[in-house]
Each structure stands twice: as C-alpha cells, then as structure tokens.
Amino acid sequence: MTFFKEENKRNHESTFLVFNTACLGDVLLCNCLIQNIKNIYPNSKVIFIADKTYQDIARYQMGVDDVIVFDKKNLHKGLLGLIKFIKDFPYKKADYSIITYRNERNYFISQMLGVKKILVSKNKDKNISMQEIHAKILTQITDKEVKNLPIKYIVKNESTDKFLNIFDSNKKSIALCAISKNTAKDFPITMAVELINRLNKAGYQVILTGAGKKSEDFANELKHWNCNFYDLVNQTTILELAQILKKVDQLISVDTGTMHLGYAVGTKTLCIFFEKNTKKLWAPSEKVYNNVKIFQNPNIDEIIEAVQNVKNTYQ
C-alpha cells in the first residue's frame, strides 16, 4: 500500500477536524493524536469539535489551532440544530475528519461538510490504551511512526487571586478526587475518611475536588465524619480546576477526567483504579509519563507510602 498522496501533503497545509463530543477525560485523551498530527504534518491546522461544557479542555491542549463548539443540549439540539451547525461551520471541505469514537452524528456532519477523507478507528488490539488507539488512526494515512506521546494541557491565567487563600505555605498540598460518574470506580467513604485523616496527621493539606450532586453528597458525608479538608466541590470552572491541579504538590484521583487533567498539567498523580478491567484501556502509561503512579485496588498504607516517598514513586 502506498501513502504517496498523503505523505506529499506534508509540504502543504492540511486541515484536520478532530471530533470528540464526549467528556473531559475523553477529550484530553485525543491530545496524543493531535501531537502526532503536528509532528507528521507540521504545516497542518487542527480543528477540535467539542461539546460546549468541555471546550476549554480542547482549546488549551498542545497542538490545537481552533475549537468549534457543538452545543448538543441547546443550540445544536435536534435536526434544526444540526443543520445550523453545518451551515455555520467555518472549515468546510477539510482534508481529514477524525472521529475518535464511532458516532453516526459526527460521521454525518463530516459528510455534509464535504470532508475529503473521514477516518474512524479500526483498532482490534485490546492491549493498548485509549490514547494510543486514537493516535493509531493516523496509520490509515501515513507510514510514518505514530508515537505514544504524553498528553499536554497548557494552564492559562495562573495568576488568578480567587483561590490564593486555599494554600497553606507551611504544608504540602494534596488534591483528592474521590468520586466519578461510575460508583464502581469511587473511593468507599470509610477508606476516604481514613486517607484524609492520615494525610492530615502526616502534615498534608487536603483539597477535595469534584463536580455534581454525587460529589457534593460525598463531601457532606466526609464533613459528617469530621474530616479536615478544603472543599472545592462545585466551586471551580475547568480552567480554575486546571490551575489548582497545577499548583498542588500531588493529586490522588480515581479514574475520571480530573485524573487525566492532573497528569496532563504536569502534576505528580496517583491514579487509583477500583473497577476491574479498566486500567489497561484508561490508565496513563508509566513508561510514557514520569509523573504518574498507577494503583489497582490499593490499601491506605500503599497510598500513604507513595505520597510520602515521592522520589521513588515518580521516576
């Protein structure tokens, strides 16, 4: 098979549309793909199509040139909304459209936009991560090496004064994200209570993050147990959360978007997996990232030891 036509495009500007209208972590996991596009096609333009809620996760990834919002709950809801999105879309007849998750709507949009070539994942390898799966879509159009690159998110407006009073200059700070959308992935309440108490005893400041009623209820239950932590649940925008995660000394997080955002901004991140059979697909690789440590069903002693033994935990 020859890739002459595709390879020849490197000397010209090609436009890539990257569709991922899912959630925070899903959008971030496209960044390995985007960096590979820029490495292989250095003159290309990458346009990310993202859900309205997560547009800033797409916007500040390394390699993204522009973000187009697909507001599926309001402005672009239903057939009329879909027509409006297609009509207003500024990058019609792009060279490539990459649909990271199989999605009939996004495929239809790409067709209506007159995209020259639509790419969807054909992966059959169950032993690689989701960020690798996304990146390997490019092998359909190039014979150049597609690398497993670390996700990079560029934190903006780091000088905000809003959360200056959170951090205790006399203590190291630990951000904790204990709740996800899937209960099977979450910290059990008793385990979270013990973790926070032991971190406090060891001299760490704990900052609890999260969003939604489920996280709020969890925070209230922790307070009922008289846990000492700074409650940031439902208090931050995505950009503000990125600022907080960039500033803390470490992040402890279950398998959710906050986990991916933490290591993407460069923070030392303990990635906790409680659910079976999800680590292989969703965990960052310790061979690719020097700021992550992966745990499957750890006990409190293992987590505390990893937090305190930073030099040996992160290579």
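Listed values, structure above:
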read-out	value
Summed residue charge, Cβ within 14 Å of residue 124's Cβ, Lys/Arg positive, Asp/Glu negative	+2
Over the chain, relative contact order from alpha-carbon pairs under 8 Å, at least 6 apart, %	16 percent
Using alpha-carbon coordinates, inclination of helix 238-247 to the longest axis of the chain, degrees	50 degrees
Of 43, 170, 103, the one that fluctuates the most in a GNM where the chain has Cα springs shorter than 10 Å	170
Of 92/185; 247/287; 136/172; 172/223; 45/162; 72/117, pairs whose Cα-Cα distance is over 30 Å	92/185; 136/172; 45/162
Label-point gap, in nm, between residue 162 and residue 285 - each point 7 angstrom along Cα→Cβ	3.6 nm
Residue-wise HN-Hα coupling along the range 114-125, computed from phi with Karplus coefficients 6.51, -1.76, 1.60 (Hz; x: Gly, Pro)	x, 4, 6, 9, 9, 10, 10, 5, 10, 5, 10, 8
Inter-site label distance for residue 313 and residue 125 at 7 Å from Cα along Cβ, in nm	3.1 nm
CD proxy at 222 nm, helix term only [per DSSP H run n ≥ 4: -39500 (n - 2.57); per residue of the chain; nearest 500]	-9500 deg cm²/dmol
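No lab work stands behind these numbers, since they all come straight from the coordinates. Given the structure is predicted, the values throughout are model-derived calculations rather than measurements. We place every Cβ from the backbone using ideal geometry, glycine too, and count neighbours over all the protein chains shown.
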